[in-house]
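Okay, structure first, notes after.
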Amino acid sequence: MTKEKQVIETSEAQIAVHWQEEEYFHPSPTFIGQANLTDESVFERFSLDNFPDYYTEYAELLTWYKYWDEVFDASDAPCWKWFKGGLLNASYNCIDRHLKKNKNKTAIHFVPELETEPIQHITYQELYVRVNEFAALLRDYAQLKRGDRATIHMPMSAELAISMLACARLGVIHSVVFGGFSASACADRVVDSNSRVLITMDAYYRAGKLLDHKIVDDEACQISAEQGQKIDKMLIWQRYQGKISTKGPLIEGRDCIINQKLKHYYGKRIEPEKMLSEEPLFLMYTSGTTGKPKGCQHGTGGYLSYVTAMSKYIQDIHPEDVYWCMADIGWITGHSFIVYGPLALCASTVIYEGVPTYPDAGRCWRIAQDLDVNIFHTAPTAIRALRKVGPDEPAKYNYNFKHMTTVGEPIEPEVWKWYQKEVGKGKAVIVDTWWQTETGGFLCSTVPGISPMKPGSAGRGVPGIHPVIYDEDGNVLPPGSGKAGNICIKNPWPGALQTVWGNRKRFVDTYYARYCKNPDSKDWRDWPYLAGDAAVEAADGYFRILGRIDDVINVSGHRLGTKEIESAALTVLEVAEAAVVPVAHEIKGKEPDLYVALKPGFQASDEIAQRINDAICNQIGKIAKCRKVWIVPDMPKTRSGKIMRRVLGAISNHGDVGNVMTLANPEIVEEIKKMVG
Ligand code: PRX
């Protein structure tokens, strides 16, 4: 840990000490009366004394071709194996096993952004047919087989879920890239995963405009080819069947319009591959401390057991529920809680194409009313936006939520209370679920049918998860200490990433090395998992998450690596140095502010600033767009030449820059302060 970081952590701890405790809110008897989990003895059953066997309760929610030989295998620590030797298929568990009783039930409600277009209600039977036919195309036309990777770069659509499930049916490892990511971000992921097949869609609606998406992937193919990874087949779904909605040319031999090709696979049924529990189901890339995103590898049996259990016990999903998670499937929340979890439980899951506030502030509540959604799942950034544009809108609509989730970033108690009162109409329970791409499913949350809620706090570890807060030296910070530290999980759990794709060292270094007691140990007790978040534990054992401790900015609930943004800025010829800092933002939570110093001989100009921001949007995506690009004469630096991001952060947030006299160039601080105002 560098000194600079310690300073930041101290200030977070100070904030935490001054935080006031919030009152509890209790779940209603009506909710408890129907909840999936109300038996408090669950915490006893899931105590560390019973580790790892308690996790078989989760695995038993699935249908296995063959049960496991061993619940947990630690021989390759910390690459844990769950339900070793067991055989199953995720697509079978999400579709086939429901057909006998529920083939006519809606699996997916697809809601197009344009309200003039009808909602599509896809039954489990239809999902079965479409997944099978597409799997046949993937196998026979794209030549994909078990263990291969396929990259899926698609907007929110039923076809995105169908593509994932078709891959899972064949044992093909899918790597879904968020649809809003740029060609370059997509290409990086294609290259890292060695995908030779890219699945895309020609276009989609966003804020009322039909955006051409396929042209982004034409460029992605070009960039990945330059980096040595050729896309042999680009498979293109159509937003409007039978109509091409892209300006991009169809490249002979490479591009294939899926709807046309599917005719050849009419009626095909594909026997699901019997996957070993520990075989990977998918990769999901996430930002970390270095520029290159990490491919978090999730296994089939462990991941699916875990998300199914979380969906049942924390999301309280019953088969008769209509469940709407507003996240994008291109992030882990969408994987776990739009696709795999709800479908494994035979619920009806809503996929909405567009912007929650399009065409007006009532849109979400109309969708909820029309589909009779009763479980609603979103992020603080969306809640803040909905509160801002239409604080009184929810009351105008007649929907009934029994359960709501907040996820992805800390929620301010005031925003939580609006969510509870206005969106939940004072009736719905709320779970504040803290977790990560790496963790597959929840780590901390209240169990909605058992524990009271506390605004701004995630709660205790979910059943089976045993969190602990360590200080810098590895001492435990006990509940009620009022001090913030690094939140870790003491025990392994089935939803955790198995490794970083192709980089075991990075996996161990990032998540386990920090507090590992003995690197040669095969005992899980020696390997606490480092989440990379700062947190405080209140006297009642509830955890309040403060944010990342590494160089990651959480913008609208999305993790962006500061290094990624900085390296994009450095691709602009004139830029010599770049430093990104987070700035508080009313709706997004945080927003990046960029400071750059130019190479000698170049003059600052708006045009250069614009080119820098364009480079960031092109290389990462619009979500990484900086609030402001400050072109400064020099960066504040330590005598050893390190850029003092802490000082820049304080300036951007109009905070106290502290003592800067030890810097190599203290005078620059005043100059930058004047500039930023
Ligand atoms: O800092 C935490 C924050 O989001 C990070 C994980 O981001 P990502 O991998 O993109 O996954 C997002 C969906 C789980 C965490 O390290 N975070 C997530 N949930 C919460 C949160 N911060 C506070 N409260 C939460 N409920």
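The values are calculated or read from the model by the stated rules, or taken from the named source; none is laboratory data. Small disclaimer: the values here were computed from a predicted structure and weren't measured. Cβ atoms come from the backbone with ideal geometry, glycine included; neighbour counts cover every protein chain shown. Ligands, DNA and RNA are excluded from the accessible area calculation, which covers all protein heavy atoms including side chains. Shrake-Rupley method; radii C 1.70, N 1.55, O 1.52, S 1.80 Å.
Numbers below:
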| item | result |
| --- | --- |
| Residue check, K388 more than 16 Å from the ligand (Cβ to nearest atom), modelled with pLDDT under 95 and assigned to a helix (DSSP H, G or I) | yes |
| Long-range neighbours under 6 Å by Cβ, at least six apart or interchain, first residue part of a helix (DSSP H, G or I) and within 16 Å of the ligand (Cβ to nearest atom) within the stretch 410-425, second of a type in the set (D, E, K, R) and open to solvent by 10 Å² or more (accessible area, probe 1.4 Å) | P413/E22; V415/R384 |
| The stretch 320-353, residues that are within 16 Å of the ligand (Cβ to nearest atom) and small (G, A, S) | A327, G330, G334, S336, G341 |
| Positions within the stretch 124-161 being assigned to a helix (DSSP H, G or I), among the charged types (D, E, K, R) and touching a helix residue (DSSP H, G or I) at 6+ places or on another chain (Cβ under 9 Å), in sequence order | R130, E133, R139, D140, E159 |
| Selection within the stretch 619-643 - among the hydrophobic types (A, V, I, L, M, F, W, C), over 19 Å from K588 (Cα atoms) and touching a residue at least 60 places away in the same chain (Cβ under 8 Å) | I643 |
| Test for K100: is it over 30 Å from L210 (Cβ atoms), surrounded by 17 or more Cβ atoms within 10 Å (Cβ to Cβ) and at pLDDT 95 or above | no |
| Number of the exception - V111 against (1) more than 30 Å from R146 (Cα to Cα); (2) under 26 Å from the mean Cα position of the chain (by Cα); (3) open to solvent by 50 Å² or more (accessible area, probe 1.4 Å) | (3) |
| Pairs where the first residue, in the stretch 644-662, is under 17 Å from K628 (Cα atoms) and of a type in the set (A, V, I, L, M) and the second is modelled with pLDDT of 90 or more and in a helix (DSSP H, G or I), C-beta under 7 Å, 6+ apart | V647/V669; I651/I672; I651/K673; I651/V676 |
| Filter result (at positive phi and either within 14 Å of the ligand (Cβ to nearest atom) or surrounded by fewer than 21 Cβ atoms within 10 Å (Cβ to Cβ) (or both)) within the stretch 446-491 | G456, G459, G474, G480, G482 |
| Yes/no for E577 being acidic (D, E) and either closer than 30 Å to S605 by Cβ or free of Cβ contacts under 8 Å to residues at least 12 places away in the same chain (or both) | yes |
| Wholly within the stretch 510-607, strands (runs of 3 or more DSSP E) carrying at least 3 residues that are surrounded by 16 or more Cβ atoms within 10 Å (Cβ to Cβ), touching a strand residue (DSSP E or B) at 6+ places or on another chain (Cβ under 6 Å) and at pLDDT 90 or above | 529-537, 543-548, 575-585, 589-598 |
| Residue list for the stretch 282-319, filter: open to solvent by less than 10 Å² (accessible area, probe 1.4 Å) and either away from the ligand (no atom under 16 Å from the Cβ) or among the acidic types (D, E) (or both) | G299, T300, G301, G302, L304, S305, T308, A309, D316, I317 |
| Residue, farthest from the ligand (Cβ to nearest atom), within the stretch 502-537, restricted to residues that are under 13 Å from I487 (Cα atoms) and more than 23 Å from the chain's Cα centre (by Cα) | Y515 |
| Residue in the stretch 246-253 that is in a loop (DSSP other than H, G, I, E, B), modelled with pLDDT of 95 or more and hydroxyl-bearing (S, T, Y) present | yes |
